[in-house]
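Here the structure comes first, spelled out in structure tokens, and everything after it is commentary.
Bear in mind that the values in this text are calculations on the coordinates, not laboratory data. Because the structure is a prediction, the values reported are computed rather than measured. We place every Cβ from the backbone using ideal geometry, glycine too, and count neighbours over all the protein chains shown.
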Amino acid sequence: MNGTRADCEALVDGIVAGMPSSSRVELLVCPAFPYLGVAATRLAGSNLVLGAQTVSEYDAGAYTGETATSMLRDIGCKYVIVGHSERRALYGEGSDLVASKFVAAQNAGLIPILCVGETLHEREAGQTEAVIDAQLLAVLDSAGVESFANAVVAYEPVWAIGTGKTATPEQAQDVHRHIRGVLADKNADIAAKVKILYGGSVKGENADGLFRMADIDGGLIGGASLKVESFLAIANAAAAID
């Protein structure tokens with residue numbers, strides 16, 4: 001919940017003007033809801049893709065303040081984030097609700113970006129894998145592993161979001177490998193192809209080391225996405241990897 005309309009316009013214009021031309025890199029922006037239409041207009045005709053930060057689990061009805069999947073499609077969204085750590089922590093969105101949003105998004109033709117991750121307390125208690133397993137299995141039980149053929153997973157170590165702390169590339173890789181392994185137990189082909197992003201204080205300075213890990217396919221960028229230069233530095237780091 002940052003910025004103004006002018007900030008959004010400048011950000012999208014700057015990314016469109018400076019984004020790498022590599023076909024291997026897909027760039028996505030997920031503005032705040034009031035600026036989705038602004039962003040859709042500014043990125044029209046470019047390779048920059050639009051997404052939303054959350055969505056209702058309901059298709060339509062008397063749910064004042066909510067946004068339906070069909071509305072996101074109507075305005076040009078291709079992706080939607082579900083289960084972001086802030087939605088889980090601040091708004092009480094449990095894994096069952098996140099799974100419902102995941103299913104609703106896919107039913108509407110949107111690609112869900114499923115966020116999973118542990119708190120500092122859970123990591124220090126050795127519960128990282130158990131927490132992530134529970135978050136993944138809620139979706140697997142509702143939607144089946146086949147749904148991950150058209151989904152993205154983002155690992156968010158909650159302890160590294162907005163704190164300036166970052167998991168080392170090796171720490172992040174360990175969790176990404178585990179996530180892929182959970183999916184591989186259900187379907188190895190789907191697990192091999194699913195994109196798993198890292199989201200925890202990614203910056204231009206650490207992006208290269210993170211993105212070179214075998215199971216890290218990109219980033220879910222937080223604070224660094226608010227400035228054109230820092231976002232493009234991360235995008236260029238991704239484009240430079242063979």
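Using the alpha carbon gyration tensor of region 26-129, what are the three equivalent-ellipsoid semi-axes (square root of 5 times each eigenvalue), largest first, in whole Å? Provide the component values of the computation, followed by the final result.
Details: eigenvalues 138, 58, 27 Å².
Its equivalent ellipsoid spans semi-axes of 26, 17, 12 Å.
Within 10 Å, count the other beta carbons around each residue, average over each peptide in 195-204, 86-95, and list them highest first. Before the final figure, lay out the partial values.
Working: 195-204: 22.3, 86-95: 14.8.
Most protected by this proxy first, the peptides run 195-204, 86-95.
Using modelled backbone amide H atoms (1.01 Å from N, in-plane), which distant-in-sequence or interchain residues come within less than 5 Å of A154's amide H?
L114, C115, V116, L197
Considering amide H positions built from the backbone, and no H for Pro or chain starts, which residues 5 or more places from I111, or on another chain, come under 5 Å of its amide H?
HN-HN under 5 Å from I111: Y79, V80.
Could you tell me, in Å, what Rg and Dmax come out for the Cα atoms of region 74-155?
When restricted to the Cα atoms of region 74-155, Rg and Dmax are 12.9, 44 Å.
If Rh is defined by the Kirkwood formula over all Cα pairs and Rg also comes from Cα, what ratio Rg/Rh do you get for region 54-109?
Working: Rg = 10.8 Å, Rh = 11.5 Å.
Result for region 54-109 is an Rg/Rh of 0.95.
Distances longer than 17 Å among the Cα atoms of region 122-242: what percent of all pairs is that?
So the portion of pairs separated by more than 17 Å is 56 percent.
Give me Rg over Rh for region 195-242, both radii from the alpha carbons and Rh done the Kirkwood way, two decimal places. Numbers along the way, then the final one.
On the way: Rg = 9.6 Å, Rh = 10.4 Å.
Using Cα coordinates only, the ratio equals 0.92.
What number, in percent, do you get for the relative contact order of the chain if the mean sequence gap of Cα pairs under 8 Å and at least 6 apart is divided by its residue count?
Details: 409 pairs, mean separation 39.0, N = 242.
It comes to 16 percent, rounded to a whole number.
Sequence-distant or interchain residues sharing an amide H contact under 5 Å with V49, placed H: which?
L27, L28, V29
Mean residue ellipticity at 222 nm from the helices of the chain, using -39,500 (n - 2.57) per DSSP H segment of n ≥ 4 over the full residue count, to the nearest 500 deg cm²/dmol?
-13500 deg cm²/dmol
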